[in-house]
Amino acid sequence: MPLPIVLGGLAVGAALLGIGAHASASDKRKEAQETYDRSNSKQKHIGKSLENEKKITTKISADLGLLKLNIQKNEIAKFLTLYKKLKSLNIKGFQHENIAFNFTPEQIIAMEKVSMSASEILNSGAASVTSGVLAGAGIYGSVMTFGAASTGTAIGTLSGAAATNATLAWLGGGSIAAGGGGMALGSVVLGGLVVGPAILVSGAFADSKAEKALTEAKEFEAKVDIACEKMETQISLLTAVQVRCGEFKNVLDQLCERINPQLIILENIVKELSTTKVAEPTEKQMAEIHLSFLMAKTLKDILDLNILGKNGELTSESKDVKQKLIAAGI
């Protein structure tokens with residue numbers, strides 16, 4: 001066979017192989033592009049859902065925080081005022097009530113500080129109270145929220161506000177930031193594909209580059225899947241936090257409906273006993289005093305509960321908040 005024919009046949013064969021390699025490369029680039037597009041779309045969709053749940057959770061926890069602050073300012077403050085008046089009357093059996101409900105001098109001082117701090121925040125004006133501060137008061141108990149606060153402490157330095165902002169960031173912002181980096185990385189890789197060399201030396205080289213791009217696209221997809229699983233877990237946690245906050249609000253509303261008329265009864269008892277030379281409450285009056293203490297202690301205990309732990313997990317002690325009313329027999 002003449003050499004030119006052989007060379008011509010080889011050339012045609014090589015050309016066909018080259019065309020085949022280019023076609024394969026084109027398919028792989030297309031698959032890589034589709035993989036990136038699919039992953040980015042998935043991540044953006046779940047990221048948007050997470051951001052929405054974070055906003056809802058912040059709003060619900062802030063509403064609960066505002067309720068708790070008002071309870072500290074009003075119901076708890078009123079109880080403390082009546083408590084101090086009762087104590088000054090040296091009522092027989094009053095010390096027993098203190099022991100029964102653990103209203104030690106140290107605990108009363110702590111309750112007064114918390115109540116004063118709550119009043120400071122509310123008196124500063126609703127416009128100046130950030131959602132982060134209110135969310136902190138809602139998600140965390142009194143000790144964690146106001147433990148480092150005292151009269152004159154700036155709102156921004158409250159430990160609860162900082163802790164809440166960190167927790168909410170952990171719940172939502174961290175993963176979104178990580179995901180955003182992933183999407184940015186994906187865009188860079190995609191950009192490399194789009195602006196790659198228009199004319200390749202050979203089909204084999206084109207196929208090799210396309211194979212690498214497809215491999216990177218699949219690696220990116222795997223990372224996105226992991227990030228999305230984490231975001232979905234966080235969405236579930238945020239939803240659970242919303243439910244827990246709702247349970248707290250319902251319980252606190254119920255308890256306030258019961259304690260407010262009871263505090264009026266206690267106030268009348270204090271007035272009656274204050275007019276006598278020797279404060280000797282009747283059996284019925286002592287029963288009312290006992291009930292007032294029970295309600296105040298239950299209210300305080302619920303306000304002290306943390307809904308989230310330091311690592312952002314739902315706490316076990318906040319799980320059955322409804323049972324606290326039942327257990328107290330109120």
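Nothing in this text is a laboratory measurement; each read-out follows from the coordinates by a stated rule. What you see is a predicted model; the values in this text were computed from it and never measured. Positions of Cβ are generated from backbone atoms using ideal geometry, with glycine treated the same way; all protein chains shown enter the neighbour counts.
For a straight C-alpha distance cut-off of 19 angstrom, the lysines reachable from Lys230 (same-chain residues fewer than eight places away being disregarded) are Lys42, Lys44, Lys48, Lys54, Lys55, Lys218, Lys310.
Residues of segment 35-63 with amide nitrogen under 13 Å from the 7 Å Cα-to-Cβ point of Thr239? Label zone hits: 49-50, 53-54. Sorting the segments 132-138, 253-259 by their mean number of nearby beta carbons within 10 angstrom, highest to lowest, gives 132-138, 253-259.
Rounded to whole numbers, the Karplus 3J(HN,Hα) couplings from phi for segment 104-111 are 7, x, 5, 6, 5, 4, 5, 5 Hz, using 6.51 cos²θ - 1.76 cosθ + 1.60 with θ = phi - 60°, and x at Gly and Pro. Relative contact order for segment 225-330: what is it in percent, counting Cα pairs under 8 Å that are at least 6 residues apart? Relative contact order for segment 225-330 comes out at 35 percent.
For Leu308, the residues 5 or more places off, or on other chains, whose built amide H falls under 5 Å of its own are Thr315.
At full extension, Lys271 and Ala328 could sit 17.8 nm farther apart than now, given 0.36 nm per residue minus the alpha carbon distance.
Counting 0.36 nm for each residue step from Lys30 to Lys92 and taking away their Cα separation leaves a gain of 13.6 nm. Sorting 109-118, 266-275 by average packing, meaning the other beta carbons within 10 Å per residue, from highest down gives 109-118, 266-275. Relative to the current alpha-carbon distance between Glu219 and Asp37, full extension at 0.36 nm per residue lengthens the span by 64.2 nm. Site pair Asn260 and Asp301 shows an inter-label distance of 2.4 nm when each label is modelled 7 Å from Cα along Cα→Cβ.
For the set Lys300/Lys322; Lys249/Lys297; Lys249/Lys319; Lys78/Lys113; Lys87/Lys277; Lys271/Lys297, the pairs lying more than 19 angstrom apart at their alpha carbons are Lys271/Lys297.
Taking the Cα centroid of segment 20-72 and of segment 253-330, what is the distance between the two, rounded to the nearest whole Å? After rounding, the separation between the Cα centres reads 44 Å.
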